[in-house]
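Working notes, structure below.
The values are calculated or read from the model by the stated rules, or taken from the named source; none is laboratory data. Note that this is a predicted model, so its numbers are computed, not measured. Virtual Cβ from ideal backbone geometry, glycine too; neighbours counted across all protein chains shown. All accessible areas refer to the heavy atoms of the entire protein, side chains included, with ligands and DNA or RNA removed. Shrake-Rupley method; radii C 1.70, N 1.55, O 1.52, S 1.80 Å.
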Amino acid sequence: METEKNIKLTSAELSQLWASYQNDSGSICVLKHFLKTVEDADIRPILEHALQLSQTHIQKLTSIFTKENYPLPKGFSEDQDLNVNAPRLFTDNYMLQFMKQMAQISLNAYSVSKSLSVRSDIDQFYGQCLAEVNDMDTTVKKILLEKGLYVRSPYIPYPVKIDFVKKQNFLTGWFGERRPLLSLEITNLYANFQRNDLGTATLIGFSQVAKSQKVGQFFIRGKKIASKHNEIFGSILREDNLPVPMTSDTYVTESKISPFSDSLMLFIVTGLIALGIGYYGTSISTSLRRDLTAHYDRFIHEILKYSEDGANILIDNGWLEEPPIASDRDELAKKK
């Protein structure tokens, strides 16, 4: 029987490990800037723990790639992608909200990575990552609640009895009387609004400090897209007399000195775009009102185009590291 030592990494496992290396190496740079500039003593331990986790992940990932004789990804480094002397770009509130979103995103990402992992060492690695980020998510929510900064999704009345849908107009949304939003539709609208709000703040900060004018304009364009989407999400919630999450103007300082390289900031933004597309896709699949699915469909097409433009900027500047790729058999055949 084949021993585990002889089992190569599958394409699924390679894809997750490679992405993890990129994300953790970038996170180290971001977290080091946060730690250099954070003021709140309650937030510092969260950032320190997150940094320690990312550094440990990089060590484990490096060991896995080395044992496989697989080229170590370039990722991001403190020497090239972090300006340790840069002043504070984001406020403590932003840092805490950032950690909340990153914990939630990582919970989804690591659960997918674990489900795709078959080799026991990779399965165990992602199982450990999932347990770590689960604890992180709990801790961040606790601090947000203690500081009165956690924004809960709206409350709705409990039903008095079980009921069933009786008419086809349950699905309509453009014409006639619209039914009230379902709880899951509210959840999606609220969560997408909050992610876009933090994304808007990120893009504002990055646009202030980007060295390249083209990159800066790309960030400004993204801010406008996210703000427009939130206007629509907010109007849908208000139509049902539901509260709209409050946006914050206290997330970004007035610094114009970048703590990060343009390539790292573009990597972060294109990653957030990809996640946004995924969350919008999930929202389509769980929304039954046609007006909602039409909005999400239109938004996805808009940010797909935006994402492609971001990828082109990365390629033009030589910043897009190629992920693991299948063999080009046609090209190999030409080299006989």
Might you let me know whether the stretch 327-334 holds any residue that is crowded, with 16+ Cβ neighbours inside 10 Å and either aliphatic (A, V, I, L, M) or closer than 16 Å to Asn196 by Cβ (or both)? no
Of the numbered conditions (1) without any contact (Cβ under 8 Å) to a residue 60 or more places away in the chain; (2) assigned to a helix (DSSP H, G or I); (3) open to solvent by 40 Å² or more (accessible area, probe 1.4 Å); (4) within 30 Å of Pro157 (Cα to Cα), Tyr279 fails exactly one; give the number of that condition. (1)
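Could you go through the stretch 223-241 and let me know if any residue there is part of a loop (DSSP other than H, G, I, E, B), more than 20 Å from the chain's Cα centre (by Cα) and at pLDDT 95 or above. Give the derivation first.
From the stretch 223-241, those part of a loop (DSSP other than H, G, I, E, B) are 240-241; that's our starting set.
Of the ones still in play, those that are also more than 20 Å from the chain's Cα centre (by Cα) are 240-241.
Cutting the leftovers down to at pLDDT 95 or above gives us none.
The answer is no, given that none of the residues of the stretch 223-241 is part of a loop (DSSP other than H, G, I, E, B), more than 20 Å from the chain's Cα centre (by Cα) and at pLDDT 95 or above.
Name every residue in the stretch 83-97 that is part of a loop (DSSP other than H, G, I, E, B), closer than 19 Å to Ile204 by Cα and not hydrophobic (A, V, I, L, M, F, W, C), in order of residue number. So that I can check it myself, show each step before the final result.
Filtering the stretch 83-97 for residues part of a loop (DSSP other than H, G, I, E, B) gives 83-89, 91.
When the remaining residues are screened for being closer than 19 Å to Ile204 by Cα, the result is 83, 86-89, 91.
Within the stretch 83-97, Asn83, Pro87, Arg88, Thr91 qualify.
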Might you let me know whether the stretch 252-265 holds any residue that is among the aromatic types (Phe, Trp, Tyr) and either in a loop (DSSP other than H, G, I, E, B) or closer than 30 Å to Leu9 by Cα (or both)? no
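Would you mind stating whether Met95 is over 20 Å from Leu320 (Cβ atoms), open to solvent by less than 20 Å² (accessible area, probe 1.4 Å) and either of a type in the set (Phe, Trp, Tyr) or under 21 Å from the mean Cα position of the chain (by Cα) (or both)? I'd like the intermediate steps shown before the answer.
On the way: over 20 Å from Leu320 (Cβ atoms): yes; open to solvent by less than 20 Å² (accessible area, probe 1.4 Å): yes; either of a type in the set (Phe, Trp, Tyr) or under 21 Å from the mean Cα position of the chain (by Cα) (or both): yes.
Yes, satisfied.
Residues that are open to solvent by less than 20 Å² (accessible area, probe 1.4 Å) and touching a strand residue (DSSP E or B) at 6+ places or on another chain (Cβ under 8 Å): list the helices (runs of 4 or more DSSP H) wholly contained in the stretch 1-82 that include at least 3 such residues.
Details: elements: 11-37, 44-67, 78-81.
Filter on the stretch 1-82 gives 11-37.
A quick yes/no check of all residues on (1) over 25 Å from the mean Cα position of the chain (by Cα); (2) assigned to a loop (DSSP other than H, G, I, E, B); (3) at pLDDT 95 or above; (4) among the acidic types (Asp, Glu):
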residue	(1), (2), (3), (4)
Gln124	no, no, yes, no
Ala131	no, no, yes, no
Pro157	yes, yes, no, no
Lys166	yes, yes, no, no
Asn169	yes, no, no, no
Thr172	yes, yes, no, no
Arg178	yes, yes, no, no
Picking from Glu321, Glu308, the residue that is closer than 26 Å to Asn192 by Cα and not polar (S, T, N, Q) would be Glu308
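Looking only at the stretch 197-214, decide whether some residue is free of Cβ contacts under 8 Å to residues at least 12 places away in the same chain and more than 25 Å from Thr282 (Cα to Cα). Walk me through it before giving the result.
Here is the first cut: in the stretch 197-214, the ones free of Cβ contacts under 8 Å to residues at least 12 places away in the same chain are 213.
Filter again for more than 25 Å from Thr282 (Cα to Cα), leaving 213.
Looking for residues that are free of Cβ contacts under 8 Å to residues at least 12 places away in the same chain and more than 25 Å from Thr282 (Cα to Cα), one finds at least one in the stretch 197-214, hence yes.
For the stretch 289-330, give me each residue that is assigned to a loop (DSSP other than H, G, I, E, B) and not charged (D, E, K, R).
Once the filter is applied, which keeps residues that are assigned to a loop (DSSP other than H, G, I, E, B) and not charged (D, E, K, R), the stretch 289-330 yields Asn317, Gly318, Trp319, Leu320, Pro323, Pro324, Ile325, Ala326, Ser327.
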Only one of Pro87, Pro159 is free of Cβ contacts under 8 Å to residues at least 24 places away in the same chain and open to solvent by 30 Å² or more (accessible area, probe 1.4 Å); which? Pro159
